[in-house]
Amino acid sequence: MSAGQASMRPFYLIGFLLLVAFDTAAQIGFKFAATNTSPATFSPEWIFSVICEKWSYLSLAGYLGAFITWMTLLKTAPIGPAFAASHLEVVTVLIVCVTWLHEKLTLPQIIGSLLIVGGIILFAVAEAEIEEPAHV
Amino acid sequence: MSAAATLMWFLTLVFDTFGQLALKAAAGAEGDGLEHWKSMVKDKWIYLGVSAYVIEFFVWLAFLSMVPLSQGVLVGSVNILSVIIGGRIFFKEALTPKRIVASILVAAGVALVGWAS
(Lines give C-alpha, C1' and ligand atoms only; values in the text may rest on other atoms or scores of the structure.)
Protein backbone atom coordinates (compact mmCIF):
# COMPACT_ATOMS: atom_id res chain seq x y z
CA MET A 1 0.00 0.00 0.00
CA SER A 2 1.41 3.39 -0.96
CA ALA A 3 1.54 6.40 1.33
CA GLY A 4 -0.96 8.11 -0.97
CA GLN A 5 -3.54 5.41 -0.36
CA ALA A 6 -2.94 5.41 3.38
CA SER A 7 -3.75 9.12 3.52
CA MET A 8 -7.09 8.46 1.76
CA ARG A 9 -8.51 6.66 4.80
CA PRO A 10 -9.74 9.71 6.79
CA PHE A 11 -11.11 11.18 3.53
CA TYR A 12 -13.14 8.03 2.81
CA LEU A 13 -14.33 7.71 6.42
CA ILE A 14 -15.53 11.33 6.69
CA GLY A 15 -16.95 11.19 3.15
CA PHE A 16 -18.98 8.07 3.79
CA LEU A 17 -20.30 9.31 7.14
CA LEU A 18 -21.38 12.56 5.46
CA LEU A 19 -22.95 10.61 2.59
CA VAL A 20 -24.92 8.37 4.94
CA ALA A 21 -26.07 11.41 6.98
CA PHE A 22 -27.35 13.18 3.83
CA ASP A 23 -28.96 9.98 2.48
CA THR A 24 -30.70 9.31 5.79
CA ALA A 25 -31.99 12.90 6.01
CA ALA A 26 -33.31 12.57 2.43
CA GLN A 27 -35.15 9.32 3.25
CA ILE A 28 -36.68 10.72 6.46
CA GLY A 29 -37.80 13.85 4.59
CA PHE A 30 -39.22 11.65 1.83
CA LYS A 31 -41.15 9.54 4.33
CA PHE A 32 -42.76 12.54 6.08
CA ALA A 33 -43.44 14.37 2.82
CA ALA A 34 -45.08 11.23 1.37
CA THR A 35 -47.20 10.71 4.50
CA ASN A 36 -48.32 14.35 4.68
CA THR A 37 -49.28 14.52 0.98
CA SER A 38 -50.77 11.00 0.69
CA PRO A 39 -52.36 9.64 -1.52
CA ALA A 40 -49.93 10.21 -4.43
CA THR A 41 -52.38 10.85 -7.26
CA PHE A 42 -49.91 12.73 -9.51
CA SER A 43 -52.66 15.33 -10.02
CA PRO A 44 -51.77 19.05 -10.18
CA GLU A 45 -53.21 19.42 -6.62
CA TRP A 46 -50.95 16.65 -5.34
CA ILE A 47 -47.86 18.18 -7.03
CA PHE A 48 -48.76 21.54 -5.47
CA SER A 49 -49.10 19.98 -2.02
CA VAL A 50 -45.66 18.33 -2.41
CA ILE A 51 -44.14 21.75 -3.30
CA CYS A 52 -45.79 23.37 -0.24
CA GLU A 53 -44.71 20.54 2.08
CA LYS A 54 -41.71 21.57 4.24
CA TRP A 55 -40.37 17.99 4.53
CA SER A 56 -39.92 17.91 0.73
CA TYR A 57 -37.11 20.42 1.18
CA LEU A 58 -35.24 18.33 3.77
CA SER A 59 -35.43 15.53 1.22
CA LEU A 60 -34.20 17.78 -1.60
CA ALA A 61 -31.33 19.19 0.52
CA GLY A 62 -30.38 15.63 1.52
CA TYR A 63 -30.28 14.43 -2.10
CA LEU A 64 -28.25 17.47 -3.18
CA GLY A 65 -25.73 17.07 -0.34
CA ALA A 66 -25.45 13.34 -1.04
CA PHE A 67 -24.83 13.99 -4.75
CA ILE A 68 -22.01 16.48 -4.08
CA THR A 69 -20.43 14.13 -1.52
CA TRP A 70 -20.82 11.11 -3.81
CA MET A 71 -19.12 12.78 -6.81
CA THR A 72 -16.24 13.93 -4.59
CA LEU A 73 -15.80 10.42 -3.16
CA LEU A 74 -15.96 8.77 -6.61
CA LYS A 75 -13.03 10.84 -7.88
CA THR A 76 -10.78 8.29 -6.16
CA ALA A 77 -13.04 5.61 -4.65
CA PRO A 78 -13.73 2.46 -6.73
CA ILE A 79 -17.40 2.45 -7.79
CA GLY A 80 -18.20 -1.21 -6.95
CA PRO A 81 -17.19 -1.19 -3.27
CA ALA A 82 -18.30 2.46 -2.81
CA PHE A 83 -21.80 1.70 -4.13
CA ALA A 84 -22.06 -1.38 -1.91
CA ALA A 85 -20.82 0.57 1.15
CA SER A 86 -23.38 3.33 0.52
CA HIS A 87 -26.03 0.76 1.52
CA LEU A 88 -25.09 1.48 5.14
CA GLU A 89 -28.00 3.90 4.65
CA VAL A 90 -30.36 0.91 4.97
CA VAL A 91 -29.07 0.38 8.54
CA THR A 92 -29.19 4.06 9.56
CA VAL A 93 -32.73 4.50 8.21
CA LEU A 94 -33.76 1.40 10.16
CA ILE A 95 -32.19 2.85 13.34
CA VAL A 96 -34.05 6.16 12.88
CA CYS A 97 -37.33 4.32 12.20
CA VAL A 98 -36.97 2.23 15.35
CA THR A 99 -35.76 4.96 17.73
CA TRP A 100 -37.84 7.93 16.54
CA LEU A 101 -40.78 6.50 14.62
CA HIS A 102 -41.24 3.58 17.04
CA GLU A 103 -41.34 0.97 14.29
CA LYS A 104 -40.82 -2.60 15.46
CA LEU A 105 -37.39 -4.19 14.91
CA THR A 106 -37.47 -7.84 13.82
CA LEU A 107 -34.75 -10.51 14.09
CA PRO A 108 -34.21 -10.80 10.28
CA GLN A 109 -33.73 -6.99 10.18
CA ILE A 110 -31.07 -7.23 12.91
CA ILE A 111 -29.28 -10.08 11.11
CA GLY A 112 -29.52 -8.21 7.78
CA SER A 113 -28.06 -5.06 9.37
CA LEU A 114 -25.19 -7.07 10.86
CA LEU A 115 -24.46 -8.60 7.43
CA ILE A 116 -24.35 -5.10 5.85
CA VAL A 117 -22.03 -3.72 8.56
CA GLY A 118 -19.86 -6.88 8.38
CA GLY A 119 -19.58 -6.56 4.59
CA ILE A 120 -18.55 -2.88 4.85
CA ILE A 121 -15.88 -3.71 7.46
CA LEU A 122 -14.58 -6.42 5.11
CA PHE A 123 -14.43 -3.86 2.25
CA ALA A 124 -12.35 -1.58 4.50
CA VAL A 125 -10.01 -4.49 5.35
CA ALA A 126 -9.75 -5.38 1.62
CA GLU A 127 -8.79 -1.76 0.73
CA ALA A 128 -5.51 -2.15 2.63
CA GLU A 129 -4.24 -4.85 0.26
CA ILE A 130 -5.40 -3.50 -3.12
CA GLU A 131 -3.48 -1.27 -5.53
CA GLU A 132 -6.08 0.43 -7.71
CA PRO A 133 -5.09 1.21 -11.30
CA ALA A 134 -4.01 4.83 -11.78
CA HIS A 135 -6.88 7.19 -12.54
CA VAL A 136 -7.10 8.77 -15.96
CA MET B 1 -43.75 -11.24 -9.97
CA SER B 2 -45.77 -10.59 -13.12
CA ALA B 3 -44.08 -10.22 -16.52
CA ALA B 4 -44.61 -6.43 -16.39
CA ALA B 5 -43.07 -6.19 -12.89
CA THR B 6 -40.11 -8.33 -13.97
CA LEU B 7 -39.54 -6.02 -16.94
CA MET B 8 -39.68 -2.96 -14.64
CA TRP B 9 -37.23 -4.60 -12.26
CA PHE B 10 -34.86 -5.34 -15.16
CA LEU B 11 -35.12 -1.69 -16.30
CA THR B 12 -34.29 -0.37 -12.77
CA LEU B 13 -31.28 -2.71 -12.74
CA VAL B 14 -30.07 -1.45 -16.13
CA PHE B 15 -30.61 2.26 -15.37
CA ASP B 16 -29.15 2.05 -11.86
CA THR B 17 -26.03 0.21 -13.01
CA PHE B 18 -25.55 2.47 -16.05
CA GLY B 19 -26.15 5.58 -13.89
CA GLN B 20 -23.55 4.60 -11.28
CA LEU B 21 -20.94 3.73 -13.92
CA ALA B 22 -21.63 7.00 -15.77
CA LEU B 23 -21.18 9.00 -12.51
CA LYS B 24 -17.90 7.16 -11.87
CA ALA B 25 -16.76 8.07 -15.41
CA ALA B 26 -17.72 11.72 -14.74
CA ALA B 27 -16.00 11.80 -11.32
CA GLY B 28 -12.64 10.91 -12.92
CA ALA B 29 -12.40 14.52 -14.21
CA GLU B 30 -9.37 16.66 -13.30
CA GLY B 31 -9.10 19.11 -10.39
CA ASP B 32 -10.23 19.36 -6.78
CA GLY B 33 -13.21 21.06 -5.20
CA LEU B 34 -14.71 23.72 -7.46
CA GLU B 35 -12.21 22.92 -10.27
CA HIS B 36 -13.40 19.30 -10.18
CA TRP B 37 -17.00 20.46 -10.71
CA LYS B 38 -15.96 22.87 -13.47
CA SER B 39 -14.40 19.99 -15.42
CA MET B 40 -17.29 17.62 -14.64
CA VAL B 41 -19.99 19.93 -16.03
CA LYS B 42 -18.13 20.02 -19.38
CA ASP B 43 -18.33 16.25 -19.61
CA LYS B 44 -21.22 14.25 -21.12
CA TRP B 45 -21.03 11.52 -18.48
CA ILE B 46 -22.47 13.57 -15.61
CA TYR B 47 -25.54 14.38 -17.74
CA LEU B 48 -25.94 10.74 -18.83
CA GLY B 49 -25.61 9.62 -15.19
CA VAL B 50 -28.14 12.13 -13.85
CA SER B 51 -30.56 11.38 -16.74
CA ALA B 52 -30.34 7.65 -15.97
CA TYR B 53 -31.32 8.50 -12.38
CA VAL B 54 -34.30 10.63 -13.33
CA ILE B 55 -35.59 7.83 -15.62
CA GLU B 56 -34.86 5.21 -12.96
CA PHE B 57 -36.88 7.20 -10.41
CA PHE B 58 -40.02 6.89 -12.55
CA VAL B 59 -39.38 3.23 -13.46
CA TRP B 60 -38.89 2.54 -9.73
CA LEU B 61 -42.21 4.22 -8.89
CA ALA B 62 -43.90 2.10 -11.59
CA PHE B 63 -42.21 -1.04 -10.23
CA LEU B 64 -43.32 -0.25 -6.66
CA SER B 65 -46.89 0.19 -7.84
CA MET B 66 -46.76 -3.48 -8.95
CA VAL B 67 -44.92 -5.13 -6.04
CA PRO B 68 -44.74 -4.38 -2.27
CA LEU B 69 -41.81 -2.19 -1.12
CA SER B 70 -40.20 -5.12 0.71
CA GLN B 71 -40.05 -7.16 -2.49
CA GLY B 72 -38.69 -4.10 -4.31
CA VAL B 73 -35.82 -3.68 -1.84
CA LEU B 74 -35.21 -7.43 -1.93
CA VAL B 75 -34.62 -7.63 -5.70
CA GLY B 76 -32.91 -4.21 -5.67
CA SER B 77 -30.00 -5.78 -3.79
CA VAL B 78 -28.91 -7.40 -7.09
CA ASN B 79 -27.76 -3.90 -8.19
CA ILE B 80 -24.85 -4.16 -5.74
CA LEU B 81 -23.48 -7.16 -7.63
CA SER B 82 -24.07 -5.66 -11.09
CA VAL B 83 -22.22 -2.44 -10.14
CA ILE B 84 -19.29 -4.49 -8.74
CA ILE B 85 -19.11 -6.40 -12.06
CA GLY B 86 -19.43 -3.16 -14.06
CA GLY B 87 -16.58 -1.59 -12.04
CA ARG B 88 -14.44 -4.63 -12.85
CA ILE B 89 -15.21 -4.49 -16.60
CA PHE B 90 -15.12 -0.73 -17.24
CA PHE B 91 -12.72 0.61 -14.60
CA LYS B 92 -10.53 -2.46 -14.04
CA GLU B 93 -11.31 -2.42 -10.31
CA ALA B 94 -9.70 -5.30 -8.44
CA LEU B 95 -12.07 -8.14 -7.61
CA THR B 96 -10.30 -9.88 -4.73
CA PRO B 97 -11.84 -12.76 -2.72
CA LYS B 98 -12.40 -10.34 0.22
CA ARG B 99 -14.27 -7.86 -2.00
CA ILE B 100 -16.41 -10.66 -3.48
CA VAL B 101 -17.37 -11.94 -0.02
CA ALA B 102 -17.98 -8.35 1.21
CA SER B 103 -20.31 -7.66 -1.77
CA ILE B 104 -22.28 -10.84 -1.13
CA LEU B 105 -22.59 -9.95 2.60
CA VAL B 106 -23.93 -6.44 1.87
CA ALA B 107 -26.30 -7.70 -0.87
CA ALA B 108 -27.59 -10.50 1.40
CA GLY B 109 -28.03 -8.00 4.27
CA VAL B 110 -30.01 -5.55 2.11
CA ALA B 111 -32.14 -8.45 0.77
CA LEU B 112 -32.82 -9.70 4.29
CA VAL B 113 -33.81 -6.26 5.64
CA GLY B 114 -36.02 -5.78 2.56
CA TRP B 115 -37.65 -9.16 2.91
CA ALA B 116 -38.27 -8.65 6.65
CA SER B 117 -39.62 -5.08 6.47
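The values are calculated or read from the model by the stated rules, or taken from the named source; none is laboratory data. Worth saying up front: this structure is predicted, and the values here are computed from it rather than measured. Glycine gets a Cβ as well: all are built from the backbone with ideal geometry, and neighbour counts include every protein chain shown. Ligands, DNA and RNA are stripped out before the accessible areas are found, and what is left, the full protein with its side chains, is counted by its heavy atoms. Shrake-Rupley method; radii C 1.70, N 1.55, O 1.52, S 1.80 Å.
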With every protein chain present, what accessible area does B:ARG88 have (1.4 Å probe, heavy atoms only), rounded to the nearest 10 Å²? 110
0 to 90° range, to nearest 10: angle between helix A:54-74 axis and chain A longest Cα axis: 20
Heavy-atom accessible surface that A and B bury in contact, both chains counted, 1.4 Å, Å² to 100: 3300
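Considering only DSSP states other than H, G, I, E and B, which chymotrypsin sites (Phe, Trp or Tyr not before Pro) in region A:1-95 qualify as loop sites with at most 16 other Cβ atoms within 10 Å? Numbers along the way, then the final one.
Values: sites: A:PHE11, A:TYR12, A:PHE16, A:PHE22, A:PHE30, A:PHE32, A:PHE42, A:TRP46, A:PHE48, A:TRP55, A:TYR57, A:TYR63, A:PHE67, A:TRP70, A:PHE83; in loops: A:PHE42.
Counting only loop positions with at most 16 other Cβ atoms within 10 Å, the chymotrypsin sites (Phe, Trp or Tyr not before Pro) in region A:1-95 are A:PHE42.
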Crossing angle, helix B:44-64 versus chain B [Cα axis fit, 0-90 degrees, rounded to tens]: 10
What dipole magnitude, in Debye to the nearest 20, does the protein assembly as shown give about its Cα centre under +1 on Lys/Arg Cβ and -1 on Asp/Glu Cβ? 140
Relative contact order, percent, chain A [alpha-carbon distance under 8 Å, six or more residues apart]: 31
Quick check on chain B: helices-only [θ] at 222 nm, where DSSP H runs of length 4 and up contribute -39,500 (n - 2.57) each and the sum goes over total residues. Nearest 500, please. -27000 deg cm²/dmol
Listed residues A:ALA40, A:ALA61, A:ALA26; largest mean-square fluctuation, Gaussian network over chain A with Cα springs below 10 Å, found at A:ALA40
In Hz, Karplus ³J(HN,Hα) per residue of region B:4-10 (6.51, -1.76, 1.60; θ = phi - 60°; x = Gly, Pro): 5, 5, 5, 4, 4, 4, 4
Taking chain B as a Gaussian network, Cα atoms linked when under 10 Å apart, which of B:PHE91, B:PHE15, B:PHE63 shows the biggest mean-square fluctuation? B:PHE91
Kirkwood-based Rg over Rh for region A:3-127 (C-alpha set), two decimals? 1.05
Compute the relative contact order of chain B as a whole-number percentage, counting only Cα pairs closer than 8 Å that sit 6 or more residues apart in sequence. 31
Top mean-square fluctuation among B:ALA22, B:ALA62, B:ALA94, Gaussian network model of chain B, C-alpha springs under 10 Å? B:ALA94
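Determine the sum of side-chain charges near A:ALA84: Lys and Arg each +1, Asp and Glu each -1, restricted to other residues whose C-beta is under 15 angstrom from that of A:ALA84.
Values: positive: B:LYS24, B:ARG88, B:LYS98, B:ARG99; negative: A:ASP23, A:GLU89, A:GLU127, B:ASP16, B:GLU93.
Residues close to A:ALA84 contribute a combined charge of -1.
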Rounded to whole angstroms and listed largest first, the alpha-carbon spread of the protein assembly as shown along its three principal axes comes to 54, 44, 38
Residue by residue through region B:100-106, which ³J(HN,Hα) values in whole Hz follow from phi under the Karplus form 6.51 cos²θ - 1.76 cosθ + 1.60 (θ = phi - 60°), with glycine and proline marked x? 5, 4, 4, 4, 5, 4, 5
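When the accessible area of chain B is computed with all protein chains present and a 1.4 Å probe, what percentage of it is carbon and sulfur? Spell out each step's value before the answer.
Details: 4440 of 5860 Å².
Carbon plus sulfur share of accessible area: 76 percent.
Determine the gain in length on full extension of the stretch A:LEU107-A:ILE130; use 0.36 nm per residue of separation and subtract their C-alpha separation, reporting nm with one decimal. Mind showing how you got there, number by number?
On the way: separation 23, 0.36 × 23 = 8.28 nm, distance 3.47 nm.
Gain on stretching A:LEU107 to A:ILE130: 4.8 nm.
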